[in-house]
Structure formats: structure tokens, C-alpha cells
Amino acid sequence: MKIILNGNALDLADNSTLLKLIESQDLTGKRLAVEVNLEIIPKTEHASYILKNDDKVEIVHAIGGGSANNSGSNFALNSGIISPSVNNHLDKS
Amino acid sequence: MSDNLLTIAGKTYNSRLLVGSGKYVDLAETKACTEASGAEIITVAIRRTNIGQNPGEPNLLDVVPPDKYTILPNTAGCYTAEDAIRTCRMARELLDGHKLVKLEVLGDEKTLFPDITATLKAAEVLVKDGFDVMVYTSDDPLIAKRLEEIGCAAVMPLAAPIGSGLGIRNPYNILTIVENANVPILVDAGVGTASDAAIAMELGCDGILMNTAIAAAKNPLLMASAMKHAVIAGREAFLAGRMPRKRFASASSPIDGTFF
């Protein structure tokens, strides 16, 4: 099946859990939050939550920012008003 | 000196300087400047995790750990109430039920002025949802009061546009906001150098949130320290109460007893 992860298409085995997806992206144990189709899935449910074809998954974390820092991909900006063209400094490490 | 403690949403802080964690060269600089500023509340942005890149990359929260600092997730970059509310809810999940957030809903890319109608709407929803909302707003005293009435934990008027470093452009409005308030008032945005921070504190502000003034200084580490001292100096001057201004001189040495 195919899902959309942070705006990009991704092939995934049928009936994969959210935890499986997180593991496959080397994000195990990282401090993050997950939304599936605009609904937050609490950490306690990642192991039992089964993804479906065409699910839209957003995985977010905390980055450096003060006010109106436009760097990084803003998961909330669907409108395209701001293009996330400037990568945040964490990308360069 | 309870006068020197800042209380926000029931929690007290020794430092009245709040700092952002953006615009630094690397995480080492973020860590060093945050420590030098003495700040206890650090604002962070919420963004997509980089997929498939640098799996071992260090995380901001490793250098600004939530067990040492109060993390203040912000809604920077949000232009609608819906996006800001969504960001706050993601932050709450990210930080294990953490309720303190910095709400900003921007209206315009050039000025980064807040969209006030959307800010009021988002604040109402977030307060009802149990968040402790520190809200970025314009320097309009009526709107500041309205945000307090909605139940925001702190109101944070801009002193000048975000990242402009233009200083306290309208001290009389900031003063009016401070005088009217029953919640902490913090200047958020516009401070450029230490004297700006001192002026804001002398007006009676409860604190200042800044990022660019430190991160974009030629020596960010030294400016972080300067800001720490400026906020303390400004607060003490406010508490001390300044002398009245006079148009003409008033000698400090006695006139009696002169021998010439």
C-alpha cells in the first residue's frame, strides 16, 4: 500500500502499524508527535494503530525557533503561502 | 524578593528573560547562548521530522532538555487559527501533555504583524481546550485586555516587528497595556540591543521574549549575557522608581560651606 508521509509518497507493507513505520524511518525512541489524517495518535497507541492505504501521516519534532521562524517544513502550511525553501540549521549536521 | 519572581500559569521563574532557539549557527551555539542568557523558558518551533536524512542527527531537546528548561512550543509560521490550534495540539502530544504554548497567528509576511481576529479565535479555542496560552499580539491595549479576558496566561505585545531590532517603538502603548493588566505582560519581538530590553523592563513589563537580538549579534554569547543583565537592571530600576525629570539643573553638592 501507499501512504503519504510528511508530504511524500511512501510504499509500506499492508497492515503496517504506526510503530512499524516509525521503526522503518529510524525514528524509534525519538521525541516526536504523529498525526494520521489530521488526527493525533497518542504514543500509547502507536503499536496498535494500523495504517491504511492513502493515509496521510505527519511526524513532527521540535526545532530551533523564536518568532515566525519559517525554516523547516511547516506541516501546518497547506496553503503554500510560504515555501519551506530554507532548510533549518539542523539539516546541515 | 517575591517582586523578582515571574509567575506564569502558576509556575515561578527567577529569570524574566525568555529566549527563542532559532537562527543559531549550530546546536552548540544554541546551548551556550541559552545558558549565558540565564533564561528558564525557551521557545521552540514544531516542524516535520526530516525523513530519510541524518537519522542520528542531534535533537534540539537534547541541548535544551525539558527537565532543565520550561519548553514553550510556538506556532511560528502559522497564518490561520486552525494551523495554530493544530500545532499546539501536536506540541502537547510531543511534550507529553505539556500545556504551556506560545500562540502567534501571523497576518502578513512583510511585517509579521499578528492577525488579531484569528489570534482571538485561536486563543478562545486553546483556552477552552486547557492550554496555558502566552499570546503574541499587537501593542493595542484594548486587544491585550480582550486576550486577558479570554483567559490567556500571559499577553505578549510586540515592541517592533519580529526580527527588526527596532526597539520599543511605542512605549506609551506598552505602558498602558502594563497598567491595565492582571496577567503578565511580556514584550515579544522588536528588541535589538540591551538598552531596548532595559527600557521595556523599566516600563513595568514582566518579562521579555527575544531571539534575533541575541542570535544575530556579532557575538551572540556576549549579547546573551548583556541581555540577562539588561533585563535585571531594567527590572530593578522599575522597582526602585526613577527620579522625576526636570528641565533645569539641580546641584548635587551643597551650596552651604563653600569657601570661595
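A short reminder: the numbers here are calculations on the coordinates, not readings from a lab. Only a predicted model underlies this, so the values are computations on that prediction, with no experimental measurement involved. We place every Cβ from the backbone using ideal geometry, glycine too, and count neighbours over all the protein chains shown.
Our note on the geometry: Cα centres of the stretch A:1-52 and the stretch B:94-156, 31 Å apart. Of the residues B:Phe248, B:Phe238, the one with the fewest other Cβ atoms within 10 Å heads the list, and the complete ranking is B:Phe248, B:Phe238.
Helix B:141-150 against the longest principal axis of chain B: what's the angle in degrees, Cα atoms only, rounded to the nearest 10? The angle comes out near 50 degrees. Couplings for the stretch B:169-185, taken from phi via the Karplus curve 6.51 cos²θ - 1.76 cosθ + 1.60 with θ = phi - 60°, read 6, 9, x, 5, 5, 4, 4, 4, 4, 4, 5, 7, 8, 10, 10, x, 10 Hz in order; Gly and Pro are left as x. Could I have the simple spin-label model distance between A:Leu10 and B:Thr12, label points 7 Å from Cα toward Cβ, reported in nm to one decimal? Computed distance between label sites A:Leu10 and B:Thr12 equals 4.6 nm. Distance between the 7 Å Cα→Cβ label points at B:Ile51 and A:Asn37: 1.8 nm. Here, the stretch B:126-214 is characterised by an Rg to Rh ratio of 0.97, where Rg is the alpha-carbon radius of gyration and Rh the Kirkwood radius. Here's the picture: charge each Lys and Arg Cβ at +1 and each Asp and Glu Cβ at -1 in the protein assembly as shown, and of B:Ile255, B:Cys78, B:Asn211 the one pushed furthest to the positive end of that dipole is B:Ile255. Using only side-chain charges placed at the Cβ, +1 for Lys and Arg and -1 for Asp and Glu, the dipole size of chain B relative to its Cα centre rounds to 360 debye.
A helix-only calculation puts the protein assembly as shown at -8500 deg cm²/dmol for mean residue ellipticity at 222 nm, using -39500 (n - 2.57) for each DSSP H run of at least four residues, averaged over all residues.
Under 1.5 on a/c is rounded, so check that first for the stretch B:58-130, then, if it is not, pick prolate when a/b is larger than b/c and oblate when it is not; a ≥ b ≥ c are the square roots of the alpha carbon gyration tensor eigenvalues.
In terms of gyration-tensor shape, oblate.
Sorted fewest first by neighbouring Cβ atoms within 10 angstrom, A:Asp54, B:Asp83 come out as A:Asp54, B:Asp83. Placing +1 on each Lys and Arg Cβ and -1 on each Asp and Glu Cβ, with no other charges, gives the stretch B:4-143 a dipole about its Cα centre of roughly 200 debye. Given A:Lys20/B:Lys102; A:Lys20/A:Lys56; B:Lys23/B:Lys102; B:Lys99/B:Lys128, which pairs have Cα atoms separated by over 23 Å? Exceeds cut-off: A:Lys20/B:Lys102.
Between B:Asn219 and B:Phe260, the simple label model (points 7 Å from Cα in the Cβ direction) yields a spacing of 4.1 nm.
By the count of other C-beta atoms within 10 Å, a proxy for reagent exposure, B:Lys31, A:Lys2 are ordered fewest to most as A:Lys2, B:Lys31.
For chain B, set up a Gaussian network in which alpha carbons nearer than 10 Å are linked by springs, and say which option among B:Glu104, B:Glu179, B:Glu148 fluctuates the most. Greatest mean-square fluctuation among the candidates belongs to B:Glu179. Relative to the longest principal axis of the Cα atoms of chain B, the long axis of helix B:116-128 lies at roughly 70 degrees.
With a cut-off of 8 Å between alpha carbons and a minimum separation of six or more residues, what is the relative contact order of the stretch B:1-51 in percent?
Relative contact order, the stretch B:1-51: 34 percent.
Select from B:Val187, B:Thr137, A:Ile41 the residue farthest towards the positive end of the dipole of the protein assembly as shown; place +1 on Cβ of Lys and Arg, -1 on Cβ of Asp and Glu, and compute about the Cα centre. Of B:Val187, B:Thr137, A:Ile41, it is B:Val187. Loop-located trypsin sites (Lys or Arg not before Pro) in the stretch B:49-131 (DSSP state other than H, G, I, E, B) with a sparse environment of at most 14 neighbouring Cβ atoms within 10 Å: B:Lys68, B:Lys110.
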